[in-house]
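The values are calculated or read from the model by the stated rules, or taken from the named source; none is laboratory data. Everything numeric in this text was worked out from a predicted model, so none of it was measured. Backbone-built Cβ (ideal geometry, glycine too); neighbour counts: all protein chains shown. Just the protein is used for accessible areas: all its heavy atoms, side chains included, with ligands, DNA and RNA removed. Shrake-Rupley method; radii C 1.70, N 1.55, O 1.52, S 1.80 Å.
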Amino acid sequence: MGATTWRAGTLLHSLAETDREAIANLGTERRFAAGSALMLDGDTSTDAFLVLAGCVKVLGGTADGRTVLLSLRGAGDMVGELAAMNGTPRAASVFTATTVRARVISARSLRAFIAEHPQAATAIHASVADKFRRATRHRVDFTTASTLVRLALALENLADAYGRSHPSGIRIEVPLSQPELASLVGVSDPSLQRAFRTLRQRGVIRTEYRRQIVCRPDMLRQLVATGTLPPPEGDDPP
(Lines give C-alpha, C1' and ligand atoms only; values in the text may rest on other atoms or scores of the structure.)
Protein backbone atom coordinates (compact mmCIF):
# COMPACT_ATOMS: atom_id res chain seq x y z
CA MET A 1 0.00 0.00 0.00
CA GLY A 2 2.27 2.78 -1.27
CA ALA A 3 1.91 6.50 -0.60
CA THR A 4 1.27 7.18 -4.29
CA THR A 5 -1.87 5.03 -4.08
CA TRP A 6 -3.68 7.65 -2.05
CA ARG A 7 -4.72 11.14 -3.04
CA ALA A 8 -2.70 13.94 -1.48
CA GLY A 9 -4.47 15.42 1.52
CA THR A 10 -6.00 12.15 2.69
CA LEU A 11 -5.09 10.49 5.97
CA LEU A 12 -3.55 7.42 4.34
CA HIS A 13 -1.37 9.57 2.10
CA SER A 14 0.02 11.38 5.14
CA LEU A 15 1.03 8.24 7.07
CA ALA A 16 4.39 6.50 6.99
CA GLU A 17 4.28 3.12 5.24
CA THR A 18 4.43 1.05 8.45
CA ASP A 19 1.62 3.08 10.07
CA ARG A 20 -0.40 2.90 6.85
CA GLU A 21 -0.15 -0.88 6.76
CA ALA A 22 -1.03 -1.14 10.46
CA ILE A 23 -4.14 1.06 10.33
CA ALA A 24 -5.34 -0.61 7.13
CA ASN A 25 -5.43 -3.91 9.02
CA LEU A 26 -7.49 -2.63 11.95
CA GLY A 27 -11.10 -3.68 12.32
CA THR A 28 -13.09 -5.50 9.65
CA GLU A 29 -13.32 -4.75 5.96
CA ARG A 30 -16.87 -4.28 4.70
CA ARG A 31 -18.58 -3.25 1.50
CA PHE A 32 -21.53 -0.85 1.53
CA ALA A 33 -24.00 -0.26 -1.28
CA ALA A 34 -24.61 3.29 -2.46
CA GLY A 35 -27.09 5.04 -0.17
CA SER A 36 -26.09 3.13 2.97
CA ALA A 37 -25.97 4.98 6.30
CA LEU A 38 -22.63 4.65 8.07
CA MET A 39 -23.66 6.91 10.96
CA LEU A 40 -26.51 9.26 11.88
CA ASP A 41 -26.38 12.70 13.43
CA GLY A 42 -26.77 12.49 17.20
CA ASP A 43 -26.37 8.73 17.58
CA THR A 44 -23.96 7.31 20.14
CA SER A 45 -22.15 4.74 17.98
CA THR A 46 -18.36 5.07 18.11
CA ASP A 47 -16.97 3.07 15.19
CA ALA A 48 -14.65 4.88 12.77
CA PHE A 49 -14.63 4.11 9.05
CA LEU A 50 -11.45 4.12 6.97
CA VAL A 51 -12.56 4.51 3.35
CA LEU A 52 -10.51 2.34 0.99
CA ALA A 53 -12.60 2.80 -2.16
CA GLY A 54 -15.60 4.91 -3.11
CA CYS A 55 -17.01 8.13 -1.73
CA VAL A 56 -19.23 9.15 1.20
CA LYS A 57 -21.40 12.21 1.83
CA VAL A 58 -21.31 14.08 5.14
CA LEU A 59 -24.74 15.53 5.86
CA GLY A 60 -25.92 17.99 8.48
CA GLY A 61 -29.31 19.20 9.65
CA THR A 62 -30.45 22.83 9.74
CA ALA A 63 -32.63 24.51 12.35
CA ASP A 64 -35.62 24.38 10.00
CA GLY A 65 -35.30 20.64 9.47
CA ARG A 66 -33.52 20.59 6.11
CA THR A 67 -30.63 18.26 5.32
CA VAL A 68 -27.58 19.85 3.71
CA LEU A 69 -24.48 18.35 2.13
CA LEU A 70 -21.48 19.48 4.18
CA SER A 71 -18.63 17.70 2.45
CA LEU A 72 -17.47 14.58 0.62
CA ARG A 73 -14.83 12.09 1.72
CA GLY A 74 -13.13 9.55 -0.51
CA ALA A 75 -10.58 6.76 -0.59
CA GLY A 76 -7.85 7.33 1.99
CA ASP A 77 -10.06 9.40 4.31
CA MET A 78 -11.40 8.44 7.73
CA VAL A 79 -14.86 9.41 9.00
CA GLY A 80 -16.29 9.06 12.48
CA GLU A 81 -12.90 9.28 14.20
CA LEU A 82 -13.94 12.12 16.52
CA ALA A 83 -16.64 10.03 18.22
CA ALA A 84 -14.23 7.09 18.37
CA MET A 85 -11.59 9.20 20.12
CA ASN A 86 -13.74 11.11 22.62
CA GLY A 87 -17.05 9.24 22.79
CA THR A 88 -19.22 12.24 21.89
CA PRO A 89 -22.46 11.81 19.89
CA ARG A 90 -22.17 12.02 16.12
CA ALA A 91 -22.07 15.61 14.85
CA ALA A 92 -23.26 14.69 11.33
CA SER A 93 -24.69 11.85 9.29
CA VAL A 94 -22.58 9.97 6.75
CA PHE A 95 -24.07 8.11 3.78
CA THR A 96 -22.30 6.34 0.94
CA ALA A 97 -22.48 8.24 -2.36
CA THR A 98 -21.15 5.24 -4.31
CA THR A 99 -20.37 1.65 -3.50
CA VAL A 100 -17.82 1.90 -0.69
CA ARG A 101 -15.18 -0.46 0.67
CA ALA A 102 -14.07 0.49 4.18
CA ARG A 103 -12.45 -0.80 7.33
CA VAL A 104 -14.86 -0.56 10.26
CA ILE A 105 -12.68 0.19 13.30
CA SER A 106 -13.92 0.08 16.88
CA ALA A 107 -13.19 2.96 19.23
CA ARG A 108 -11.06 0.69 21.40
CA SER A 109 -8.93 -0.43 18.44
CA LEU A 110 -8.44 3.10 17.16
CA ARG A 111 -7.47 4.45 20.58
CA ALA A 112 -5.00 1.59 21.07
CA PHE A 113 -3.51 2.27 17.64
CA ILE A 114 -3.13 5.98 18.46
CA ALA A 115 -1.39 5.14 21.74
CA GLU A 116 1.05 2.75 20.04
CA HIS A 117 1.78 4.86 16.93
CA PRO A 118 2.63 8.44 17.97
CA GLN A 119 3.42 9.67 14.46
CA ALA A 120 0.12 8.31 13.18
CA ALA A 121 -1.66 9.89 16.16
CA THR A 122 -0.23 13.26 15.14
CA ALA A 123 -1.45 12.69 11.56
CA ILE A 124 -4.95 11.71 12.71
CA HIS A 125 -5.28 14.76 14.96
CA ALA A 126 -3.93 16.94 12.13
CA SER A 127 -6.55 15.43 9.80
CA VAL A 128 -9.35 16.31 12.25
CA ALA A 129 -7.99 19.85 12.63
CA ASP A 130 -7.76 20.20 8.84
CA LYS A 131 -11.43 19.25 8.48
CA PHE A 132 -12.42 22.04 10.87
CA ARG A 133 -10.07 24.45 9.07
CA ARG A 134 -11.54 23.58 5.67
CA ALA A 135 -15.06 23.93 7.04
CA THR A 136 -14.21 27.43 8.27
CA ARG A 137 -12.56 28.33 4.94
CA HIS A 138 -15.58 26.94 3.11
CA ARG A 139 -17.94 29.09 5.15
CA VAL A 140 -15.88 32.24 4.50
CA ASP A 141 -15.47 31.59 0.76
CA PHE A 142 -19.08 30.64 0.26
CA THR A 143 -20.38 33.63 2.22
CA THR A 144 -18.47 36.31 0.30
CA ALA A 145 -18.37 34.93 -3.26
CA SER A 146 -21.03 35.11 -5.96
CA THR A 147 -23.10 32.02 -6.80
CA LEU A 148 -21.13 31.52 -10.03
CA VAL A 149 -17.78 31.60 -8.21
CA ARG A 150 -19.10 29.32 -5.44
CA LEU A 151 -20.17 26.75 -8.02
CA ALA A 152 -16.86 27.05 -9.86
CA LEU A 153 -14.94 26.51 -6.60
CA ALA A 154 -17.05 23.46 -5.73
CA LEU A 155 -16.63 21.97 -9.22
CA GLU A 156 -12.88 22.64 -9.18
CA ASN A 157 -12.53 20.86 -5.81
CA LEU A 158 -14.70 17.95 -6.95
CA ALA A 159 -12.77 17.58 -10.21
CA ASP A 160 -9.44 17.60 -8.37
CA ALA A 161 -10.58 15.02 -5.83
CA TYR A 162 -12.96 12.80 -7.80
CA GLY A 163 -12.32 13.60 -11.47
CA ARG A 164 -11.53 11.03 -14.16
CA SER A 165 -10.27 11.67 -17.67
CA HIS A 166 -13.07 11.92 -20.24
CA PRO A 167 -13.00 12.68 -23.99
CA SER A 168 -14.64 16.03 -23.24
CA GLY A 169 -12.47 16.91 -20.22
CA ILE A 170 -12.70 15.78 -16.58
CA ARG A 171 -15.76 13.82 -15.45
CA ILE A 172 -16.66 14.12 -11.76
CA GLU A 173 -17.31 10.55 -10.64
CA VAL A 174 -19.55 11.31 -7.68
CA PRO A 175 -23.32 11.15 -8.30
CA LEU A 176 -24.75 14.36 -6.84
CA SER A 177 -28.27 15.60 -7.35
CA GLN A 178 -28.92 19.28 -8.03
CA PRO A 179 -30.35 19.84 -4.50
CA GLU A 180 -27.21 18.23 -3.04
CA LEU A 181 -24.97 20.47 -5.11
CA ALA A 182 -27.08 23.49 -4.15
CA SER A 183 -26.64 22.68 -0.46
CA LEU A 184 -22.90 22.11 -0.93
CA VAL A 185 -22.58 25.47 -2.67
CA GLY A 186 -24.97 27.11 -0.21
CA VAL A 187 -27.48 28.56 -2.68
CA SER A 188 -31.05 27.95 -3.78
CA ASP A 189 -31.88 25.55 -6.61
CA PRO A 190 -32.93 28.38 -9.01
CA SER A 191 -29.66 30.24 -8.35
CA LEU A 192 -27.68 27.06 -8.99
CA GLN A 193 -29.60 26.45 -12.23
CA ARG A 194 -28.72 29.93 -13.49
CA ALA A 195 -25.04 29.44 -12.66
CA PHE A 196 -24.99 26.05 -14.39
CA ARG A 197 -26.65 27.60 -17.44
CA THR A 198 -23.92 30.24 -17.65
CA LEU A 199 -21.14 27.67 -17.41
CA ARG A 200 -22.79 25.41 -19.98
CA GLN A 201 -23.35 28.27 -22.43
CA ARG A 202 -19.69 29.25 -22.18
CA GLY A 203 -18.56 25.66 -22.74
CA VAL A 204 -16.92 25.40 -19.33
CA ILE A 205 -18.92 22.33 -18.31
CA ARG A 206 -21.32 19.72 -19.62
CA THR A 207 -23.94 18.10 -17.41
CA GLU A 208 -25.30 14.58 -17.42
CA TYR A 209 -27.71 12.89 -15.04
CA ARG A 210 -26.15 13.43 -11.58
CA ARG A 211 -22.74 13.98 -13.23
CA GLN A 212 -20.73 16.99 -14.38
CA ILE A 213 -17.92 17.16 -16.94
CA VAL A 214 -15.44 20.02 -16.70
CA CYS A 215 -14.57 20.79 -20.33
CA ARG A 216 -12.46 23.89 -19.68
CA PRO A 217 -10.54 23.56 -16.40
CA ASP A 218 -8.53 26.65 -17.34
CA MET A 219 -11.66 28.82 -17.48
CA LEU A 220 -12.90 27.33 -14.22
CA ARG A 221 -9.60 28.20 -12.53
CA GLN A 222 -9.75 31.74 -13.90
CA LEU A 223 -13.28 32.17 -12.58
CA VAL A 224 -12.21 30.99 -9.12
CA ALA A 225 -9.10 33.20 -9.13
CA THR A 226 -10.58 36.42 -10.54
CA GLY A 227 -14.33 36.14 -10.04
CA THR A 228 -15.00 36.57 -13.76
CA LEU A 229 -14.98 34.49 -16.93
CA PRO A 230 -12.83 35.55 -19.86
CA PRO A 231 -14.75 37.20 -22.73
CA PRO A 232 -16.11 34.81 -25.37
CA GLU A 233 -13.57 34.00 -28.05
CA GLY A 234 -13.79 36.49 -30.90
CA ASP A 235 -15.10 39.29 -28.67
CA ASP A 236 -12.95 42.38 -28.31
CA PRO A 237 -12.31 43.44 -24.73
CA PRO A 238 -14.25 46.56 -23.67
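All of A112, A123 fail the test of being of a type in the set (A, V, I, L, M, F, W, C), in a helix (DSSP H, G or I) and either modelled with pLDDT under 90 or out of contact with any Leu (no Cβ under 7 Å at 6 or more places or on another chain) (or both), apart from A112.
Cβ-Cβ contacts under 8 Å between residues 6 or more apart (or on different chains), taken from a first residue in the range 163-192 that is assigned to a loop (DSSP other than H, G, I, E, B) to a second residue that is aliphatic (A, V, I, L, M) and open to solvent by 60 Å² or more (accessible area, probe 1.4 Å), are listed as P175/A34. If you check D47, D41 for being open to solvent by 70 Å² or more (accessible area, probe 1.4 Å), touching a Gly at 6+ places or on another chain (Cβ under 8 Å) and within 21 Å of T96 (Cβ to Cβ), only one passes: D41. Looking only at the range 85-101, how many residues end up being more than 13 Å from the chain's Cα centre (by Cα) and either open to solvent by less than 30 Å² (accessible area, probe 1.4 Å) or without any contact (Cβ under 8 Å) to a residue 60 or more places away in the chain (or both)? Counting residues in the range 85-101 that are more than 13 Å from the chain's Cα centre (by Cα) and either open to solvent by less than 30 Å² (accessible area, probe 1.4 Å) or without any contact (Cβ under 8 Å) to a residue 60 or more places away in the chain (or both) gives 10. A129 fulfils the conditions (1) part of a helix (DSSP H, G or I); (2) within 26 Å of T228 (Cα to Cα); (3) open to solvent by 20 Å² or more (accessible area, probe 1.4 Å) except for a single criterion, (2).
Checking each residue in the range 61-78 for being of a type in the set (A, V, I, L, M) and either open to solvent by less than 60 Å² (accessible area, probe 1.4 Å) or not in a loop (DSSP other than H, G, I, E, B) (or both) picks out V68, L69, L70, L72, A75, M78.
Can L82 be described as touching a strand residue (DSSP E or B) at 6+ places or on another chain (Cβ under 7 Å), farther than 16 Å from N157 by Cα and free of Cβ contacts under 8 Å to residues at least 60 places away in the same chain? For L82, the condition - touching a strand residue (DSSP E or B) at 6+ places or on another chain (Cβ under 7 Å), farther than 16 Å from N157 by Cα and free of Cβ contacts under 8 Å to residues at least 60 places away in the same chain - is not met. Where residues in the range 183-197 are modelled with pLDDT of 90 or more and buried (at least 17 other Cβ atoms within 10 Å of the Cβ), which of them is farthest from A53 (Cα to Cα)? Result: S191.
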